[in-house]
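These notes are about the structure you will find just below.
The values are calculated or read from the model by the stated rules, or taken from the named source; none is laboratory data. As the structure is a computational prediction, the values presented were derived from the model and not from experiment. Positions of Cβ are generated from backbone atoms using ideal geometry, with glycine treated the same way; all protein chains shown enter the neighbour counts. Only protein heavy atoms, including side chains, enter the accessible area calculation; ligands, DNA and RNA are left aside. Shrake-Rupley method; radii C 1.70, N 1.55, O 1.52, S 1.80 Å.
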Amino acid sequence: MNTTTASDTIVQEISIKAPPQRIFAALTDPAERLKWWGGPGGRFTLTAFESDLRPGGKFVMRAESFGREVTIKGEYRQIDPPHLLVFTWLPDWYEGATESLVRWDLEEHNRITTVRLTHSGLLTESARENHRGWPQILGWLQSYIE
């Protein structure tokens, strides 16, 4: 897994032995996301995911994190199955959170899909620190799919 951090951006990349269609479904289907997003030793475990999967559609994720309920809200900006998913991201778990942008790019080569997550608009060190869990989330996705 590769990690890159620019001043306001976190980039994570992982290779998963599966077609992009399978990975895209795991990212976008509420029933599937509830199965893999979270787990033992995780920073949080997803408890609910409501989604209106269309450009301009909204989503709400609810999770348990260190004994308390947290919520992430967003709006889908771009959807190009099975290669691109872009949405806004607004968590409530830290004071002063502002809306940022999460982008999932899926590219297949020789039956292996490179999953690149780009989380931009993290304008403060606190915002970047509060989103350091992406490697773990990508690991959960990989374990679920493979």
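What the table shows:
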quantity	calculated
Close pairs from the range 60-85: first closer than 26 Å to residue 107 by Cβ and in contact (Cβ under 8 Å) with a residue 60 or more places away in the chain, partner aliphatic (A, V, I, L, M) and open to solvent by less than 20 Å² (accessible area, probe 1.4 Å), Cβ under 7 Å, at least 6 apart	82/106; 83/106; 85/27
Any hit, the range 87-101, residues being farther than 21 Å from residue 14 by Cβ and aliphatic (A, V, I, L, M)	yes
Number of the condition not met by residue 67 [criteria: (1) touching a Lys or Arg at 6+ places or on another chain (Cβ under 9 Å); (2) open to solvent by 40 Å² or more (accessible area, probe 1.4 Å); (3) within 20 Å of residue 132 (Cβ to Cβ)]	(1)
Residues of the range 49-70 that turn out to be more than 14 Å from the chain's Cα centre (by Cα), hydrophobic (A, V, I, L, M, F, W, C) and modelled with pLDDT under 95, as a count	2
Enumeration of residues in the range 13-50 that are under 21 Å from residue 115 (Cα atoms), open to solvent by 40 Å² or more (accessible area, probe 1.4 Å) and hydroxyl-bearing (Ser, Thr, Tyr)	15
Among residues of the range 111-140, those that are open to solvent by 50 Å² or more (accessible area, probe 1.4 Å) and either aromatic (Phe, Trp, Tyr) or at pLDDT 95 or above (or both), counted	2
Cross-chain or 6+ apart pairs with Cβ under 6 Å, the range 106-119 first and among the aliphatic types (A, V, I, L, M), then open to solvent by 100 Å² or more (accessible area, probe 1.4 Å)	112/17
